[in-house]
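A.B. asks: Mind looking over this structure? Questions follow.
The values are calculated or read from the model by the stated rules, or taken from the named source; none is laboratory data. All values reported here derive from a predicted model rather than from experimental measurement. A quick note on method: Cβ atoms are made from the backbone with ideal geometry, for glycine too, and the neighbour counts reach across all protein chains shown.
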Amino acid sequence: MTNIFKMSLFMPPISPVKDKVTGKSLKKATLIPFKTMELSEVYNLITSSERLATLTSAVRNAALEGNDTACRLLKQQTLPYVTPCGIFTRRRSDCLEEYSGLFVVDIDHLDSEDEAATLRQHLFDDAYLHPALVFISPTGRGVKAFVPCTAICNVADEIRWAMDYVHCMYDADNPSPEKGVDTSGKDIVRACFLCHDPGALLRETT
């Protein structure tokens, strides 16, 4: 049976765009979703959109140059994003319309794109996580996994469990405090930037 997980797609920017000199807001953050997407549509966008490939290249070039500020701004101002936990009428936790049955686990600051590609496969093959979709993050040095939630009534606990599990299994011996699972967002409205990854892995059946 094909997985039909649905979520909201938002167009950029995720935060206000401000004038560098005056600090005045030039463009408001997008709070209303553009449309609802099935997971297969998200996968197709990630793997085949030429526009997304161009945007991703700009983000990764900034990352390679070590320009963290430019990299962060490019992600926030140019990349579309989804709310993996479900469909929202507005990007706010109390505006959830329908659960997707998914949540995202994000691993950051890996040493190379090769390491990210290897971890992408390991996470996809993990029998406990059994992620529905795994792809390399915008910077090329991270991995995002969309993990099925088995207890919709307790999503926050499931997210904590998955984060702890990934940390223990894949980066417990990591000496760098920056490298590893991003624990900053555990709420249901957590956003996930989309980017180009032709090697993204989609689980076709449950």
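A.B. asks: May I ask you to list the residues in the range 113-159 that are closer than 23 Å to L55 by Cα, charged (D, E, K, R) and surrounded by fewer than 22 Cβ atoms within 10 Å (Cβ to Cβ)?
C.D. replies: E113, D114, E115, R141
A.B. asks: Considering only residues that are assigned to a loop (DSSP other than H, G, I, E, B) and of a type outside the set (A, V, I, L, M), look in the range 113-136 and name the one that is modelled with the lowest pLDDT.
C.D. replies: Filtering first and then ranking leaves Y128.
A.B. asks: Also: So A132 clears everything in (1) farther than 16 Å from D171 by Cβ; (2) out of contact with any Pro (no Cβ under 8 Å at 6 or more places or on another chain) except one condition, right? Which one?
C.D. replies: In the conditions (1) farther than 16 Å from D171 by Cβ; (2) out of contact with any Pro (no Cβ under 8 Å at 6 or more places or on another chain), A132 misses (2) alone.
A.B. asks: Let me ask another. Quick one: D68 ticks every box in (1) more than 17 Å from the chain's Cα centre (by Cα); (2) farther than 23 Å from T30 by Cα bar one, so which box is it?
C.D. replies: Unmet condition: (2).
A.B. asks: Being at pLDDT 95 or above and over 22 Å from F146 (Cα atoms) is true for just one of T54, T47, T36. Which residue is that?
C.D. replies: T54 is the lone residue from the list that is at pLDDT 95 or above and over 22 Å from F146 (Cα atoms).
A.B. asks: With the requirement that a residue be free of Cβ contacts under 8 Å to residues at least 24 places away in the same chain, closer than 19 Å to T78 by Cα and polar (S, T, N, Q), what does the range 1-43 give you?
C.D. replies: Scanning the range 1-43 gives a single hit, S25.
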